[in-house]
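The values are calculated or read from the model by the stated rules, or taken from the named source; none is laboratory data. Quantities reported herein were computed from a predicted structural model and do not represent experimental measurements. Cβ placement follows ideal geometry from the backbone for every residue including glycine, while neighbour counts extend to all protein chains displayed. The area values use the complete protein model at the heavy-atom level, side chains included, leaving out ligands, DNA and RNA. Shrake-Rupley method; radii C 1.70, N 1.55, O 1.52, S 1.80 Å.
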Amino acid sequence: MAAVAIAPTILVFDSGLGGLTVFREVLKARPDARYLYVADDAFFPYGGHGEAELVARVVALMGELIETHRPDLIVIACNTASTLVLPHLRARFPVPFVGTVPAIKPACAQSVTKRVTVLGTEATVSREYTRALIRDFANGADVALVGSARLAAFAEAELHGAPVDDHLIAQEITSCFVDADGRRTDTIVLACTHYPLLLDRLARLAPWPAAFIDPAPAIARRVVDLTGAKANVEAPAPARIVFTSGRPPSATLETALSRFGIGG
């Protein structure tokens with residue numbers, strides 16, 4: 001007799017709400033799963049903290065979350081946490097983790113002009129992990145690193161119903177676009193899960209068309225690899241969200257969250 005697939009409990013974790021872009025794709029891939037989204041908004045933004053402080057924070061918090069919620073799999077939907085804390089989490093806890101890292105390899109492989117930009121937080125683009133990915137997978141491409149101090153907060157503001165002016169977003173992405181030696185940047189790696197929340201505006205404000213690479217679909221495929229086929233079970237309850245600050249979401253944010261499949 002074939003084994004009966006069991007719907008897993010999946011915990012999606014981020015410093016804020018950027019991980020919703022990952023959650024959305026994972027939900028499409030495993031709509032039968034039970035979900036908890038945890039936003040560590042009490043410590044947002046992660047780029048504002050030292051590495052040792054961040055490791056200690058996330059490892060301790062993850063221990064509490066695992067003990068309380070007993071997830072079958074955890075998605076770290078945050079580039080900063082993944083590149084810095086993921087090895088510590090895997091060493092400490094037996095639960096499988098799926099991380100989020102800059103999609104440099106596929107971006108360089110698909111670039112026609114071989115001029116690629118990695119757009120991330122200042123912490124992510126300065127990390128040795130990111131530079132090692134470039135050394136290993138540039139595939140002959142010229143790869144520029146651009147750190148933004150404000151885009152993640154801009155994305156959070158949009159979800160809270162406070163849109164940011166176009167010119168402020170344009171300022172953050174201008175240096176992503178390089179036109180030199182007859183070659184223009186044609187591929188941009190979104191190395192922060194918040195950034196796809198602004199994807200329509202990034203594309204509209206770009207000085208010329210470019211492909212923006214979102215890692216979320218690849219993360220969803222990895223989740224399926226680890227959890228197996230979809231279970232034939234009744235539709236689960238809507239995903240829940242926990243804010244580490246304890247602050248309840250506003251009505252505007254609740255409406256935005258419902259569009260991603262949380263609450264309701």
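Values as computed for the structure displayed
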{"item": "Selection from the stretch 144-187 of residues that are of a type in the set (Phe, Trp, Tyr) and more than 16 Å from the chain's Cα centre (by Cα)", "result": "PHE177"}
{"item": "Of all residues making up the stretch 246-264, the number that are touching a Phe, Trp or Tyr at 6+ places or on another chain (Cβ under 7 Å) and outside any loop (DSSP other than H, G, I, E, B)", "result": "1"}
{"item": "Output for the stretch 147-194, where each listed residue is over 19 Å from ALA77 (Cβ atoms) and open to solvent by less than 10 Å² (accessible area, probe 1.4 Å)", "result": "ILE169, ILE173, CYS176, THR185, THR187, ILE188"}
{"item": "The one condition in (1) crowded, with 18+ Cβ neighbours inside 10 Å; (2) modelled with pLDDT under 95; (3) more than 19 Å from the chain's Cα centre (by Cα) that ASN79 fails to fulfil", "result": "(3)"}
{"item": "Given (1) β-branched (Val, Ile, Thr); (2) part of a helix (DSSP H, G or I); (3) within 17 Å of VAL38 (Cβ to Cβ), number of the condition VAL224 does not satisfy", "result": "(3)"}
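For every residue, the table says whether it meets (1) more than 12 Å from THR100 (Cβ to Cβ); (2) in contact (Cβ under 8 Å) with a residue 60 or more places away in the chain.
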position	(1), (2)
CYS176	yes, no
THR185	yes, yes
CYS192	no, yes
LEU197	yes, yes
LEU202	yes, no
ALA211	yes, yes
VAL223	no, yes
